[in-house]
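One structure below.
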Amino acid sequence: MPPGDGIVEIPNEHTYDLPPSLPASNSPNTSKVYGISMFHQLHCLNFIRYAYEPDSIKDHPADEVVYHRDHCIDYIRQAILCAGDVTFDPLTEVGINGIGATHVSQL
């Protein structure tokens, strides 16, 4: 993750037609803070990975882990639906491995 975990401060956010967000805590002006979706998605993917390693989440309440896990699965599902890669992947005897097709980033 980048410094700040993908959280950025946007001054004059109203000029960009952004939805409401929290104010920047250390800002002398009226800046708001926003999270970059790609980094939230990566955070969620990492959290799901941790959810499979009980020792890495043992200090968190079980209900919090379940809520966070379910949120992350749904968040990644929505991201895939919104920015789904429609490249044709070749099939192999064991299924689709993603090798052999050129994928183009939407960024």
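Where a number appears in this text, it was derived from the coordinates with a stated rule and is not lab data. These numbers come from a predicted model, not from an experiment. Every residue, glycine as well, gets a Cβ built from its backbone with ideal geometry; the counts of neighbours run over all protein chains shown.
Numbers at a glance
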read-out: Residues satisfying the stated conditions in the range 60-89, i.e. closer than 20 Å to L107 by Cα and of a type in the set (A, V, I, L, M); value: I76, A79, I80, L81, A83, V86
read-out: Helices (runs of 4 or more DSSP H) contained entirely in the range 26-90, each with at least 1 residues that are surrounded by 11 or more Cβ atoms within 10 Å (Cβ to Cβ) and in contact (Cβ under 8 Å) with a residue 24 or more places away in the chain; value: 37-51, 62-82
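A quick yes/no check of all residues on (1) out of contact with any strand residue (DSSP E or B) (no Cβ under 7 Å at 6 or more places or on another chain); (2) more than 16 Å from H43 (Cα to Cα); (3) among the hydroxyl-bearing types (S, T, Y):
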site	(1), (2), (3)
A62	yes, yes, no
Y67	yes, no, yes
D70	yes, no, no
Y75	yes, no, yes
G84	yes, yes, no
D89	no, yes, no
I96	yes, yes, no
